[in-house]
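Visitor: To start, I am sharing the structure in question, which I have written as structure tokens.
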Amino acid sequence: MATLLLHACCGPCASYSVEHLRYEGYQVTALWYNPNIHPFQEHQRRLEAMQRLAQAIDLPLLIPQGYELIRYLRAIVGHEAERCRYCFRLRFAKTAEIARQNAFATFTTTLLISPHQKHELLRQVGEEVAAETGVSFLYQDLRPGFSQSRRLSKEHDLYRQQYCGCIYSEWERFGRADIAAEAKQCSPGD
């Protein structure tokens, strides 16, 4: 059985993703690394939901120490027009690094289930990081399972967020619509 390290953006997206990957024969371990999620209370709320799901479905979950918001901001500032690319790269690089250190055969991400994410960009960044680290990236379009993830998240009583996670997407979601529309650079997550 091939080992796979799954970058988990949240419990709801992980619910179906893990089920699907296990069905395909992967031995899945999840990684929680999301320094983009702002504010800290939102980060913790999503982490708690992920931990609850992991316990409920017997999913090994790795959680690196610390909350690297400053690292995220340093990667993004000055690149706001391409913030998703830089955010994906930051999270995928950490995932691939941990995958390599722990001898996982491949890595992927739960972001692939979201109809709100840019899939070609996810694939491109994943493949770039794979080439740099020597750990293969598994791209699968999991969007057909999005409604199933919603059902599973309700079944497990998981917190469902209202925006991608970053300060920019929070502002776009809850800020003044006219100002947010001007600043919008990429689609917010679920």
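The values are calculated or read from the model by the stated rules, or taken from the named source; none is laboratory data. Please read all numbers here as calculations on a predicted model, not as lab measurements. Heads up, the Cβs are rebuilt from the backbone with ideal geometry, glycines too, and the neighbour counts pull from every protein chain shown.
Visitor: State yes or no: is Glu97 within 20 Å of Gln124 (Cα to Cα) and either free of Cβ contacts under 8 Å to residues at least 40 places away in the same chain or touching a Phe, Trp or Tyr at 6+ places or on another chain (Cβ under 7 Å) (or both)?
Guide: yes
Visitor: Can you tell me which residues in the range 1-34 are assigned to a loop (DSSP other than H, G, I, E, B) and within 19 Å of Ser114 (Cα to Cα)?
Guide: Ala8, Cys9, Cys10, Trp32, Tyr33, Asn34
Quick grid of which residues meet (1) part of a helix (DSSP H, G or I); (2) touching a strand residue (DSSP E or B) at 6+ places or on another chain (Cβ under 6 Å); (3) under 21 Å from Glu42 (Cα atoms):
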site: Ala93; (1), (2), (3): yes, no, no
site: Ala96; (1), (2), (3): yes, yes, no
site: Leu111; (1), (2), (3): yes, no, yes
site: Gln117; (1), (2), (3): no, no, yes
site: Leu121; (1), (2), (3): yes, no, no
site: Gly126; (1), (2), (3): yes, yes, no
site: Gln140; (1), (2), (3): no, no, no
site: Arg150; (1), (2), (3): yes, no, yes
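Visitor: Answer yes if at least one residue in the range 134-152 is at pLDDT 95 or above, on the phi > 0 side of the Ramachandran plot and surrounded by fewer than 19 Cβ atoms within 10 Å (Cβ to Cβ), and no otherwise.
Guide: Yes, because at least one residue in the range 134-152 is at pLDDT 95 or above, on the phi > 0 side of the Ramachandran plot and surrounded by fewer than 19 Cβ atoms within 10 Å (Cβ to Cβ).
Visitor: Return the residues of the range 128-154 that are more than 16 Å from Tyr26 (Cβ to Cβ) and of a type in the set (Val, Ile, Thr); say none if nothing qualifies.
Guide: Val129, Thr133
Visitor: Okay, moving on. Here are some conditions: (1) at pLDDT 95 or above; (2) more than 14 Å from the chain's Cα centre (by Cα); (3) buried (at least 19 other Cβ atoms within 10 Å of the Cβ). Glu170 meets all but one. Which one does it not meet?
Guide: Among (1) at pLDDT 95 or above; (2) more than 14 Å from the chain's Cα centre (by Cα); (3) buried (at least 19 other Cβ atoms within 10 Å of the Cβ), the lone unmet condition for Glu170 is (1).
Visitor: Only one of (1) assigned to a loop (DSSP other than H, G, I, E, B); (2) among the aliphatic types (A, V, I, L, M); (3) in contact with a strand residue (DSSP E or B) (Cβ under 9 Å, 6 or more places away or on another chain) is not met by Ile37, so which one is it?
Guide: (3)
Visitor: Let me ask another. Just checking, which of Leu61, Leu53, Leu69, Leu21 is touching a residue at least 40 places away in the same chain (Cβ under 8 Å), surrounded by fewer than 19 Cβ atoms within 10 Å (Cβ to Cβ) and of a type in the set (A, V, I, L, M)?
Guide: After ruling out the rest, the residue left standing is Leu61.
For every residue, the table says whether it meets (1) more than 25 Å from Thr3 (Cα to Cα); (2) under 14 Å from the mean Cα position of the chain (by Cα); (3) in a helix (DSSP H, G or I); (4) at pLDDT below 95.
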position	(1), (2), (3), (4)
Glu42	yes, no, yes, yes
Arg52	no, no, yes, no
Gly78	yes, no, no, yes
Arg89	no, yes, yes, no
